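Taking it in order: structure first as structure tokens, then the write-up.
The values are calculated or read from the model by the stated rules, or taken from the named source; none is laboratory data. Only a predicted model underlies this, so the values are computations on that prediction, with no experimental measurement involved. So basically every Cβ, Gly included, is an ideal-geometry build from the backbone, and we count neighbours across all protein chains shown.
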Amino acid sequence: MPQAPRRHFHDDLDTLQERLVEMAGIVERVVRQASQAALERDPTAAETIKDADDRVDELEIEIDERVVELLALQQPMASDLRQIITTNKISNDLERMGDHAVNISSAANRMASMPPLPEIRELAEMSEIVQEMVSDALAAYVSRNAALARMVCITDDKVDDLRRSMYRILVTHMLEDPTRLGGALELLLISQNLERIADLATNVSEDVVFLVEGRTIKHGLGALGPDS
């Protein structure tokens with residue numbers, strides 16, 4: 001009999017992880033769809049992405065409620081407590097990623113009716129890296145791979161560099177041809193949202209290291225590795 005509450009606790013913990021994995025799968029998909037919409041100036045993706053983001057919002061609320069219940073009623077210790085806290089933090093970051101994907105697809109929708117700009121290769125590269133960061137961060141969580149999580153954190157610098165490069169290119173386009181102003185502003189918005197998704201993927205990766213190693217690497221603390 002004394003083991004029954006413990007089994008119930010781990011069942012609840014498993015359900016919590018299932019909800020987070022479902023949420024992660026949706027967010028990974030909408031980030032990919034939004035990035036593709038931006039590259040193709042596709043106005044059709046916005047509604048689908050918004051519907052998916054509504055489900056992400058629902059899952060975040062459910063996860064928050066389950067976390068509060070587990071903390072209040074079960075009083076978990078050590079690694080279980082770290083897992084619950086990490087799940088809650090990652091859920092919040094995933095929800096924000098979904099919001100940024102909605103912003104990107106909305107910008108792509110508006111761009112469809114504007115004069116196209118010359119191809120900006122930095123956008124395609126930035127989109128690809130951000131998608132990989134999201135995928136790797138979530139894979140690191142599922143596999144509890146702290147080394148992969150650290151690689152995601154390092155990659156974030158590339159996204160920052162590409163965003164700054166895009167800014168310079170787009171400002172030049174706006175100054176040279178005022179008819180490009182609207183499209184350039186939308187691309188600036190897209191690059192900013194991609195950068196924020198990369199930042200959130202980094203947050204997830206930092207939380208994975210905390211979950212696996214019980215150490216904080218935010219703000220560069222312990223970022224080199226477990227023995228640093």
- Task: Considering only segment 87-101, state which residues are surrounded by 20 or more Cβ atoms within 10 Å (Cβ to Cβ) and of a type outside the set (Asp, Glu).
- Result: Thr87, Asn88, Ile90, Ser91, Leu94, Met97, Gly98, His100, Ala101
- Query: Among Glu40, Glu58, Glu47, which is the only one that is in contact (Cβ under 8 Å) with a residue 40 or more places away in the chain and loosely packed, with under 15 Cβ neighbours inside 10 Å?
  - Reply: Glu40
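Does Gly214 fit the bill of being buried (at least 18 other Cβ atoms within 10 Å of the Cβ) and not polar (S, T, N, Q)?
Judged against the criteria, Gly214 is not a match.
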- Message: Could you list, ordered by first residue, the pairs with Cβ atoms under 7 Å in which the first is in segment 97-122 and closer than 15 Å to Leu189 by Cα and modelled with pLDDT of 95 or more and the second is of a type in the set (Asp, Glu) and in a loop (DSSP other than H, G, I, E, B), at least 6 apart or interchain?
- Response: Ala108/Asp42
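Among the residues of segment 170-188, what is the count of those that are in contact (Cβ under 8 Å) with a residue 40 or more places away in the chain and not small (Gly, Ala, Ser)? Lay out the reasoning, then the answer.
Initially, segment 170-188 is screened for residues in contact (Cβ under 8 Å) with a residue 40 or more places away in the chain, giving 170, 173, 179-180, 182-184, 186-187.
From the residues that got through so far, the ones that are not small (Gly, Ala, Ser) too are 170, 173, 179-180, 186-187.
The total comes to 6.
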- Restricting attention to segment 1-24, and to residues there that are at pLDDT below 80 and either of a type in the set (Lys, Arg) or outside any helix (DSSP H, G or I) (or both), which single residue is farthest from Leu94 (Cα to Cα)? Met1
- Output yes when any residue across segment 103-125 is in contact with a Leu (Cβ under 7 Å, 6 or more places away or on another chain), crowded, with 22+ Cβ neighbours inside 10 Å and farther than 20 Å from Gly182 by Cβ, and no when none is. no
- Query: Do you know which of the residues in segment 37-79 that are among the polar types (S, T, N, Q) and over 23 Å from the mean Cα position of the chain (by Cα) is nearest to Gly98 (Cα to Cα)?
  - Reply: Ser79
- Note on the structure: Being touching a Leu at 6+ places or on another chain (Cβ under 7 Å) and over 18 Å from Tyr141 (Cα atoms) narrows Asp12, Asp93 down to just Asp12
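Residue-wise test of (1) among the small types (Gly, Ala, Ser); (2) surrounded by fewer than 16 Cβ atoms within 10 Å (Cβ to Cβ).
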site	(1), (2)
Leu148	no, no
Ile154	no, yes
Asp157	no, yes
Leu162	no, no
Leu170	no, no
Asp177	no, yes
Ala184	yes, no
- Taking segment 65-93 and keeping only residues that are among the aliphatic types (A, V, I, L, M) and part of a helix (DSSP H, G or I), one is left with Val67, Val68, Leu70, Leu71, Ala72, Leu73, Ala78, Leu81, Ile84, Ile85, Ile90
